[in-house]
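Here's the structure we're looking at; comments come further down.
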Amino acid sequence: MRQISSAARLLTVAALPLALTACSFTAAKATPKAAPKAAPKAAGSKAAAAAPSAAAAAGGPNKGLLTGRQLKALLAPASFFASGFTADPELARDTGDTYQLPATADVPTPDCTKLGGTSWTEITGITGVSFAQDAYVNKDSSEEFAQEIDVYRDTTATTVLDALGKVSMACPGYTDGATHAKVTVAEKPLAGVGDGAWVITETSSAWQGGTTLVAARVGTSVVTVLVSSSTDNGAAGGTKLAKQLVASLKGRA
């Protein structure tokens, strides 16, 4: 499974130097003002996983879907990130040339603290058939850029993005477990990016800066970005990175 980076857990109290959190999240599909009783069912979630070549030859449910190896090549390269940011090898992973079994977990009550980790899409309870992710960290400031692309069957990517667009309704705030800081969560649509996109910002009076999560859909793929910044709320950097990933997927997802 995908991991949460150590930098993503670093929260900063205002009086301390630049340590900042990359907030993770635990909610499954969120609904207005109430936690859902269950996450939506992913299409074909009980079908067996198959290698891409075999699935394509048989016209199976994964036909035409990008593999983890292909997605890895579409992630933003090191040259995209500012000087001082280096790749975190512990967070670089993908599904390779094979597809994983898609699954849907029932999440009756959102666990909003999951908004503090790099694989925050897991709040939906829906797992796709392939993914690739990595992260770049500035060790001097504990700032972080985490990027991920997940691929789903049929129209499941739309279901996932719709669920992510309701996160703040179920999780308007939460308490960070490491520092007990109160975190405020706000969300708004992001126009003109992919087939739909959302920006989720997380701020706290105990932090220096903030964290932004961006989700965007491109066909059967969902791009997710997490940016923690010591100088702002991370929205500018998160939007720029999301646009880069959306552009790389154009015509391919």
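The values are calculated or read from the model by the stated rules, or taken from the named source; none is laboratory data. Note that the structure is a prediction, hence the values are computed from the model and not measured. Note that each Cβ is placed from the backbone with ideal geometry, even for glycine, and that neighbours are counted across all protein chains shown.
Which of the strands (runs of 3 or more DSSP E) contained wholly in the range 104-215 include at least 3 residues that are among the small types (Gly, Ala, Ser)? Give the steps one after another, and end with the answer.
On the way: elements: 111-115, 130-138, 143-151, 173-175, 182-189, 197-203.
Answer list for the range 104-215: 130-138.
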Report task. Would you point out which residue out of VAL223, VAL214, VAL193 is out of contact with any Pro (no Cβ under 9 Å at 6 or more places or on another chain), closer than 16 Å to ASP162 by Cβ and surrounded by fewer than 24 Cβ atoms within 10 Å (Cβ to Cβ)? Result -> VAL193
Query raised in the report: Among all residue pairs at least 6 apart or on different chains, which show Cβ distances below 7 Å where the first residue, located in the range 195-215, is touching a residue at least 40 places away in the same chain (Cβ under 8 Å) and within 12 Å of GLY234 (Cα to Cα) and the second is assigned to a strand (DSSP E or B) and basic (Lys, Arg)?
Result: VAL199/LYS188
Requested in this report: Quick one: which residue in SER228, SER204 is in contact with a helix residue (DSSP H, G or I) (Cβ under 8 Å, 6 or more places away or on another chain) and among the small types (Gly, Ala, Ser)?
Outcome: SER228
Requested in this report: Kindly provide the set of residues from the range 128-142 that are farther than 17 Å from ALA92 by Cα and either modelled with pLDDT of 95 or more or aliphatic (A, V, I, L, M) (or both), ordered by number.
Outcome: GLY128, VAL129
**Report entry** Filtered residues of the range 137-160 (kept if more than 18 Å from ALA236 (Cα to Cα) and under 15 Å from the mean Cα position of the chain (by Cα))
**Finding:** ILE149, ASP150, VAL151, TYR152, ALA157, THR158, THR159, VAL160
